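Novice: Please find one structure pasted underneath; my questions will follow.
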Amino acid sequence: MTEADAPSLEQLLAAAGAPGDLAPRVAAALGPQASDRLAADPWLILSVPGVRPEAADGFARSVLSGSAGPEDPRRARAVLAWLLDRAALDGHTAQPADVLCSALGTLGFTDPAGALQTALEEGDMLAFSNAVEDEAGEEGYGDGAAEAPSASALMISRERYAFAEEGVGEAVQRLLATPEPLGEGWEQLDTSGDRVHGELRDTVGAHGLTLVATAPGIAKTAQIAGFAEAAAAAGVPVTIIGGNAASVRTLNRELGGTELTVLSVAEYLASLGRGESTDDAEAEAERAKELVSSDPTGSGTDLDAVPEAAGAARAAAATGRVETEAEAEAEAERAEDLVSSDPTGSGSDLDSVPEAADASDETGTAGAADLADAAGPTAAEPSGPEFAEPEPGLVVVSAAHQIDAESLAALLDAVPEGRRVLLAGDPAEPGPAGPGQPFRDLLETRSESLLAYTSDGRVPRVRAADSEPHPLTDLRFALREGELPPPTIDPEKRLVIVPVRDAGEAVARAVQLAADSIPRTFGLTADDIQVVAIRAGGEAGAETLTRALRERLGTEQVRALTAREALGGTWPAAVVVLDGPSSGSLTRALVYGLCGLAERHLSIVHGAGSALPQAVANVPDRPRHTRLPAVLREL
């Protein structure tokens, strides 16, 4: 068949009976050569949002004229990737091989272990042993192994997530090994602002990386922001980063009036030349919003959305990672900068740019003579490679528990040599929207390889001091232990529980609280009060609440947030809506996190019935399979 005779994308899809609106989504997922790629491997259609294995099998039979079999290696690769990407939506960076084999069996593979082996040999997936490497250093399906480990002893991961967690481990080791002095003013840092600041000064002063497990109290963000401000006042260069958009907003409010600028992870990477501001990046960010908004709690219930696309969009939105073409342009600009910085033609810059050096070699003797003439008789001898001087300073990251594995790997890798890092977060709250839970893993893992830097083999940490007594603080402490205390009478009305019978009443009461009762009682404005729902859609979801609030307040600027959007931030007051239809998403960690959104007043519109106490008592959090603990132990 000639290229002219090859069917178009629309023809391929129509022949398989696919809906007409699928073509744009296929083109977006597979690129301009989508029809050619599908003709060669029809199961690639599984990477398109909304397509499931059953539909992909039907499409493959249409494209391959009925010769598509369930054991086809192309099917094995695509289905395994689809399973791993579904797991990534639930926060997993890896999956046990036996779990995957079981899933492959239910999807029609008569030899699941063989299908897994085939996919690993040809796909962008890696196998790792659950155990520490043996003395020969063999791991997974590594070359030289006498026999492949059993499925129960393996973890399978997408390359991108495996490399990200390995990157976090390498960055931890680098930061602990290369701390630079913070200057004479560090010991005089003012620690009077909070009880924990003295311990932070000593720990950060001694180590290149410090973790802070924030307390459940209402001042969790203020403690970290205050320490960053004190460090800057002591003359230490400070960069402060919010782990997500909600934490950036909160930090900006806490640090208003100071000279500190709060950055998102993407903004920090861009400031170091690691990001991009192209239309493509903006499009990826918008696509990430669309995909993540379908599952605002991070519970992974929207399994039909294609995780690979969601993960890629999340990574682009969070890290601003530079694509290949942008990297090439940056390298070209760097070469131009190096040459322009050496107008004498001494050749030192050519040594630091391999491509330029190769070009000079190709010119031969004449080229060397030309350079010598341009340099003149006093030209300096070529110098060796130039290394950047260490930059003493401090990078403070708030809500670090909201940063996924890929984003934290990019952030830590970008930290200049000599800078110390302080990661502050609450491991009792839900993990990040993307795959991984690096902050929790770093906090909980002990590694003998870290004994070279710390006495207990753990990343240095400080547990933030408990806040002063407050009804919201007391509630959070109880929730963290799996207890839901009975309502108490508080004359100051700092915590109010409002029972409702249905979604309509929940919306009405939430709007009344946010628009009338709370502003009148506490003297707050609409900007000080945040309404939060578990999900975006539904009769009591964030979208419905937003429309009701705008109608009541007569403004278009107010917006209710989903739980996923709100976690990591705090507001003077919050109204949390727990509606019945969304109660299946409740966990102890989510309830704990939602009850930490308010600083002065919290109203809980409670329509979840018995699901609320049951979740607090019996559903701590949805576990995540990750490899970072193993990476840390194998450093």
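Novice: Describe numerically, in nm with one decimal, the distance between label points set 7 Å from Cα along Cα→Cβ at Ala233 and at Thr521.
Specialist: Each label point is offset 7 Å from its Cα along the Cβ direction, giving 3.5 nm.
Novice: Using amide H atoms built 1.01 Å from N in the peptide plane, name the residues 5+ places from Arg461, or on other chains, whose amide H lies under 5 Å from its own.
Specialist: Leu211
Novice: By per-residue mean of other Cβ atoms within 10 Å, what is the highest-first order of 565-573, 487-495? Let's see the in-between values first.
Specialist: Values: 565-573: 25.3, 487-495: 12.0.
The densest-packed peptide leads the list: 565-573, 487-495.
Novice: Can you order the peptides 582-593, 196-207, 76-87, 399-410 by their average number of other Cβ atoms within 10 Å per residue, highest first?
Specialist: Values: 582-593: 21.9, 196-207: 18.8, 76-87: 23.7, 399-410: 29.2.
With the highest mean Cβ count within 10 Å placed first, the list reads 399-410, 76-87, 582-593, 196-207.
Novice: Please compute the contact order of the stretch 416-544 in relative form: average sequence separation of alpha-carbon pairs under 8 Å and at least six residues apart, divided by the residue count, as a percent. Numbers along the way, then the final one.
Specialist: Numbers: 68 pairs, mean separation 14.2, N = 129.
So the answer I get is 11 percent.
Novice: If you place +1 on the Cβ of every Lys and Arg, -1 on the Cβ of every Asp and Glu, and leave all else neutral, what size is the dipole of the stretch 538-635 about its Cα centre, to the nearest 20 Debye? Spell out each step's value before the answer.
Specialist: Working: 11 positive and 9 negative charges, 54 e Å.
Using Cβ point charges on Lys, Arg, Asp and Glu, the stretch 538-635 gives about 260 debye.
Novice: Right, here's the next one. Give, rounded to the nearest 20 debye, the magnitude of the charge dipole that the stretch 467-574 has about its Cα centre when Lys and Arg contribute +1 at Cβ and Asp and Glu contribute -1 at Cβ. Each step should come with its number before you reach the end.
Specialist: Numbers: 13 positive and 16 negative charges, 38 e Å.
The dipole magnitude comes to about 180 debye.
Novice: Additional query: Tell me which of Gly584, Val619, Gln557 sits at the most positive position along the dipole axis of the stretch 555-635, charges placed on C-beta atoms (Lys, Arg +1; Asp, Glu -1).
Specialist: Working it through, the farthest residue towards the positive pole turns out to be Val619.
Novice: With unit charges on the beta carbon (Lys/Arg positive, Asp/Glu negative), name the residue among Ser517, Val500, Gly537 whose Cα is farthest towards the positive pole of the charge dipole of the stretch 473-537.
Specialist: Gly537
Novice: Mind listing the phi-derived Karplus ³J(HN,Hα) values for the stretch 473-488, rounded to whole Hz, using 6.51, -1.76 and 1.60 with θ = phi - 60°, and x for any glycine or proline?
Specialist: Rounded to whole hertz, the list is 5, 4, 4, 5, 4, 5, 4, 4, 8, x, 10, 10, x, x, x, 10.
Novice: Could I have the simple spin-label model distance between Ser455 and Arg52, label points 7 Å from Cα toward Cβ, reported in nm to one decimal?
Specialist: In this crude label model, Ser455 to Arg52 measures out at 5.7 nm.
Novice: Between Glu556 and Asp190, what length comes free when the chain is fully extended (0.36 nm per residue of separation minus the Cα-Cα distance, one decimal in nm)?
Specialist: Working it through step by step, the gained length comes to 127.4 nm.
Novice: Let me ask something else. Listed highest first by mean packing, meaning other Cβ atoms within 10 Å per residue, what order do 411-422, 551-562 come in? All intermediate terms of the calculation are to be shown ahead of the outcome.
Specialist: Values: 411-422: 21.0, 551-562: 14.9.
Descending packing order for the listed peptides: 411-422, 551-562.
Since every read-out is calculated from the coordinates, none of them should be taken as a lab result. Owing to the predicted nature of the structure, the values given are computational and were not obtained by experimental measurement. Please note: Cβ atoms are built from the backbone with ideal geometry, for glycine as well, and neighbour counts cover all protein chains shown.
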